[in-house]
Each structure stands twice: as C-alpha cells, then as structure tokens.
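> First the structure, which I've put down as structure tokens, then a few questions once you've had a look.
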Amino acid sequence: MPTRTPLAVRCAAAALLAAAVLGGCAKKAATTRPQVGVTLLTEAHVFYQDLKRGMQHAADSLGVDLHIVAGEWDLARQTSQVENFITQGMDAIVIAPVDSRGIVSAVEEANRAKIPVFTADIAAAGGDVTAHIASDNAQGGRLVGEFLARRLNGRGKVAILDQPTVMSVVDRVRGFREALARYPGIQIVAAPAVERGLREVAKQKTDNLLQSHPDLTAIFGSNDDCALGALASIRAAGKSGIVIVGFDATPEAQAAIREGSPLLADAIQYPEAIGRKTVEAIVARLHGQTVPRQIPITVGLVDRDSLARVPAAAAH
C-alpha cells in the first residue's frame with residue numbers, strides 16, 4: 001500500500017508547479033513578438049546591406065524580431081540556416097536564395113512545418129512561397145537594353161556577364177535580350193557565367209572576352225560588381241570604344257557614370273523598399289490577411305544626365 005505524501009511536501013510541490021507554470025507563461029508573453037528568420041544571399045554587397053537596413057527599420061516599427069544570417073553563396077550553409085529556423089519554430093522565414101533551384105528542398109521542408117516562406121530579391125524555383133518581393137528585374141533589363149541599343153545606334157557586338165544560377169539575374173538578362181532582339185544589327189556574342197557575381201571574376205572573364213572578341217562594342221554587367229570588373233579590365237587593357245551598362249546603381253557605379261567612364265548607365269533598384277515591403281507582407285500574413293504572390297518593386301534607370309540633376313550625396 002503506497003504511503004501518503006505529507007501535506008507540507010504536497011503544498012511545496014504545488015507551489016513549485018505553480019511557479020513553473022507562471023514562469024512558462026511569462027516566458028511565452030515575453031516572446032509574443034513575431035520571430036522571423038532571414039537568410040540573405042550575402043551581406044558583402046551594398047545591395048543586401050541596404051535591403052537588410054530596410055527590413056530592420058520596418059521590423060522595428062512593426063514590432064517584429066528578425067534573426068538575420070547570410071548564406072554567402074554556399075547552398076549547404078543556407079539550407080542549414082533554414083533548417084535551424086524550422087527547428088527554432090520561427091513564425092516566418094525569408095530567403096534570398098543562393099541557388100534558386102537548390103533551395104527548393106529547404107522551402108518544402110518549411111512548408112511541411114507549416115511555416116510561411118517569403119523570398120526577397122531572388123525567387124525560389126519551387127516550393128510553396130507565400131510572397132516574392134523583388135525588383136521588376138525583367139523591366140530593369142529591358143531599360144538598360146533599350147538604352148544600350150540606342151547608344152549603339154542599333155549596331156554592335158555585345159557580351160553579357162551572366163549569373164545563371166540566380167533567378168533575379170535570369171529575369172534581368174531575359175529582359176535585356178528581349179530589348180536587343182528588336183535590333184537585328186546587334187549581336188550577343190558571349191554570355192560567360194561570373195561565379196558569385198564577384199568583381200575580380202568579372203575582370204578575368206572580361207580579359208578573356210577582349211582576347212576572343214577584339215571587335216566587342218559593349219558589355220552588360222548583370223550586377224555592378226560585374227560592370228565595375230569589366231570597367232577595370234577595359235581600363236587595364238587600354239581599350240577604347242567599348243561601353244558598359246550595369247545593374248544596381250551602387251554609389252561606386254554612380255560615381256563611375258558621373259565621371260564619364262565607359263560605364264554609361266545602370267538600372268537602379270530600391271533594396272530598402274524591398275526589405276520594407278517584405279516585412280510588411282509578413283506582418284499582414286501573420287495577421288490573417290491575404291498577400292499577393294508577387295510584389296514587384298519598379299526599377300529605374302540612371303545615366304550621366306539624370307545623375308547630373310541629383311546631388312551626389314543624395315543619388316543613392
């Protein structure tokens with residue numbers, strides 16, 4: 001026959017249980033702010049630094065806690081980051097994919113965990129994504145393509161410094177090709193892939209292009225590191241008559257455009273707006289509202305004339 005627990009012991013146990021329950025409730029109350037995991041492509045590029053700033057400003061004003069990391073071009077690392085967010089029970093996950101196709105399995109894992117996934121700047125090639133918030137990259141590609149075609153008077157040989165594993169770049173290159181397709185006198189002669197969109201790689205690829213295509217007349221840098229890498233190569237080779245258009249309009253690229261370098265124009269994105277709209281979409285979704293699957297952010301174009309109308313300090 002079991003012995004009876006003394007009353008004092010039972011009372012003490014009840015008090016401990018009550019304290020534990022209250023402590024648990026207090027802990028839960030302290031974490032009622034939405035917890036959002038964010039994994040960016042990289043934090044090395046100015047674009048993502050601005051995007052991160054826009055997200056943080058919106059999160060601060062809307063009462064959201066962000067947990068921001070970056071894949072730094074490593075798919076395995078980014079996949080692990082998403083898995084960690086799932087384990088931690090985040091209320092939402094934001095991904096700017098390192099590899100649009102490679103990240104699909106991680107998106108699907110978050111889907112199974114019933115955690116809404118949002119993509120910013122770069123789309124995933126599959127999985128259930130609640131909303132994709134990004135520049136209208138195809139529109140931006142068409143803008144710089146049309147600008148270049150007019151500058152070339154509809155004739156010339158063009159190379160693209162591409163990043164074919166990045167969906168946003170796929171879109172901007174598609175738009176660029178669509179614009180040039182209207183000009184039969186313009187030929188795209190090469191589109192080498194620039195690993196990670198890095199400047200030093202873009203310079204090496206341009207060095208090769210100048211050797212293999214001595215009659216090259218123009219280069220499209222699919223981001224500004226590509227455009228600036230091409231510019232460094234052209235200057236080192238002492239080449240003239242080759243012009244460049246880019247994408248992002250970073251401060252350094254704008255300075256090169258202002259000074260009259262071969263870099264003539266850039267599509268300008270608004271990464272802070274992308275970051276802000278991403279957090280706003282998350283908050284709307286967590287409040288039970290329906291959000292659009294696609295939230296495009298309009299892209300602009302800057303050239304020397306447009307920059308001359310804006311003070312340098314305010315240009316970005």
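What follows draws every value from the coordinates through simple rules; no lab data is involved. As the structure is a computational prediction, the values presented were derived from the model and not from experiment. We place every Cβ from the backbone using ideal geometry, glycine too, and count neighbours over all the protein chains shown.
> Along the charge dipole of region 55-131, which of Gly102, His67, His57 sits closest to the positive end, that is, farthest toward it, with unit charges on the beta carbon of Lys, Arg, Asp and Glu (+1, +1, -1, -1)?
Among Gly102, His67, His57, the one farthest towards the positive end of the dipole of region 55-131 is Gly102.
> With 17 Å as the cut-off, how large is the P(r) tail for region 215-267, expressed as percent of Cα-Cα pairs?
It works out to 21 percent of all Cα pairs.
> Moving on. Stokes-Einstein at 4 °C, 1.567 mPa s, Kirkwood radius from Cα pairs: D for region 186-301 in µm² s⁻¹?
Estimated via Stokes-Einstein, D reaches 82 µm²/s.
> List, largest first, the extents of the alpha carbons of the chain along their principal axes, each in whole Å.
Principal extents (largest minus smallest coordinate, Cα): 99, 39, 35 Å.
> For the chain, give the share of DSSP beta bridges that are antiparallel, in percent and rounded to the nearest 5; count only bridges with both residues there.
Rounded to the nearest five, the antiparallel share is 10 percent.
> In deg cm²/dmol and to the nearest 500, what is the mean residue ellipticity at 222 nm of the chain if only DSSP H runs of at least 4 residues count, each as -39500 (n - 2.57), divided by the residue total?
Here the helix-only value at 222 nm equals -15000 deg cm²/dmol.
> Quick one: Debye curve from the C-alpha atoms of region 71-123, no solvent, what's log10 I(q)/I(0) at q = 0.16, 0.25, 0.27, 0.30 Å⁻¹?
Calculated log10 I(q)/I(0) at the listed q: -0.37, -0.94, -1.10, -1.33.
> Return the tail of the calculated pair distribution for region 233-316, meaning the percent of Cα-Cα pairs more than 22 Å apart.
The calculated P(r) of region 233-316 puts 44 percent of pairs beyond 22 Å.
> With a cut-off of at most 10 other beta carbons within 10 Å, and DSSP calling the residue loop, which GluC sites (Glu not before Pro) in region 219-316 qualify? Please list them.
Glu259
> While we're on this one: For Glu259 and Asp65, what does the FRET efficiency come to when R0 = 41 Å and r is the distance between their Cβ atoms, rounded to the nearest 0.05? Intermediate results must be reported in sequence, preceding the final value.
Numbers: r = 43 Å, r/R0 = 1.05.
For R0 = 41 Å, the calculated efficiency reads 0.45.
> If you find the alpha carbon centre of region 122-193 and of region 214-289, how far apart are they in angstrom?
The two parts, judged by their Cα centres, are 12 Å apart.
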